[in-house]
Amino acid sequence: MGATPTPGSVGTVLVGFGHGGRVFHAPLVTHEPGLHLAAVVTRSPDRRAEARAACPDAVVVATLEEALRAVPDLGLAVISTPPATHAELAAAALGGGLHTVVDKPFVVRAEDGERLIGAARTADRLLVPFHNRRWDGDFLTVGSLVASGVLGGVVRFESAMESWKGPITKPWKRDAGAADGGGVLYDLGPHLIDQALELLGPAVPVFAELGADGDGAAEDSLFLVLEHEGGAMSHLHAGTRVPLARPRFRVTGTAAGLTITGADPQEGLLAAGILPGDLRYPGGGSGANGRGTLGRAGRPEPLPVGPGSYPSFYAGVAAAIRGEGPPPVPAEDALAVTRIIEQVHASFPVGRRSR
């Protein structure tokens, strides 16, 4: 994953080299010519060895402080660590004069997000949540149809991220409760909620069902209903012990509806070692992949599902650092997501079901 830095590119330190750091951030940062991956921080000796192999041009150290000493010209920090550590590490990065990207969930507590936004404003640094699912091909397809008016007014937006997974092996993830950002509401919920707010505007939670079916400390299933200011309703589902997943999207409008099944392939391709510049969709986005259906007056027709574009996120970050546009995701958007999550946890307790 090594590359010669482009002249003028921004030195970037990646804090965390778990799944998010290894699969998403390291390849995407390396791909972006406006950035170069100069340092990787991880406390795990095994992951430091993995980072040295995957990122041979980066300095690999155990702490952010070591990275700042070793690479004095850093300009950007990317935080991809367990949720409970995001606020402290982001504050340290901003305090070190770095623009900062924070993986989801942005923060566990809204008050921490407010402090970070204030700190970024005081430091005149960017603070950007990594809401990469805005660049899923299926969500981009839904957004373009809503914007075009093909569906008419949206009545109901249904979105699901469900899978069947085995026991949780990461100790922090297994033992983390809501106070530490544990559970699917903090894990998959930020993607689902952010997409709903991006598509349909501000909303409030009116119902939620949180279920704990496995051995973790927090919920592993979620059903959340949001009521948007414009009147549309969002029904959001997430789960990691679901034998048969719902469609990824089902949208009902006054003129037409759509269904998209399956999952955006970008994560799987990146995890398989495909470089960001080589990401390609089965079917080329022509509709041959059979994921999408558009229905008008009860008559179904194939719906082409276009390609996604995860590299667009860091292209937007680099452009914003150069002063060429706004950040790709405003921090205030992620703060709105955290507030909804806090409201849900306060109003709808987790139900642990007997097995």
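The values are calculated or read from the model by the stated rules, or taken from the named source; none is laboratory data. Please read all numbers here as calculations on a predicted model, not as lab measurements. Every residue, glycine as well, gets a Cβ built from its backbone with ideal geometry; the counts of neighbours run over all protein chains shown.
Observations
- Strands (runs of 3 or more DSSP E) completely within the stretch 6-71 that count 3 or more residues being in contact (Cβ under 8 Å) with a residue 40 or more places away in the chain: 10-15
- Taken over the stretch 118-139, the residue count meeting the criterion of being of a type outside the set (Lys, Arg), surrounded by 18 or more Cβ atoms within 10 Å (Cβ to Cβ) and assigned to a helix (DSSP H, G or I) is 6.
- Unique match (being touching a Lys or Arg at 6+ places or on another chain (Cβ under 8 Å) and modelled with pLDDT under 95) among Pro307, Pro276: Pro307
- Residue that is surrounded by the fewest Cβ atoms within 10 Å (Cβ to Cβ), among those in the stretch 82-97 that are more than 17 Å from the chain's Cα centre (by Cα) and outside any helix (DSSP H, G or I): Gly97
- Boolean, Gly181 is closer than 29 Å to Pro265 by Cβ and surrounded by 15 or more Cβ atoms within 10 Å (Cβ to Cβ): yes
- Evaluating Leu222 against the criteria (1) in contact with a strand residue (DSSP E or B) (Cβ under 9 Å, 6 or more places away or on another chain); (2) surrounded by fewer than 24 Cβ atoms within 10 Å (Cβ to Cβ); (3) not basic (Lys, Arg) leaves one unmet condition, (2).
- Residue within the stretch 156-174 that is within 30 Å of Leu37 (Cβ to Cβ) and in a strand (DSSP E or B) present: yes
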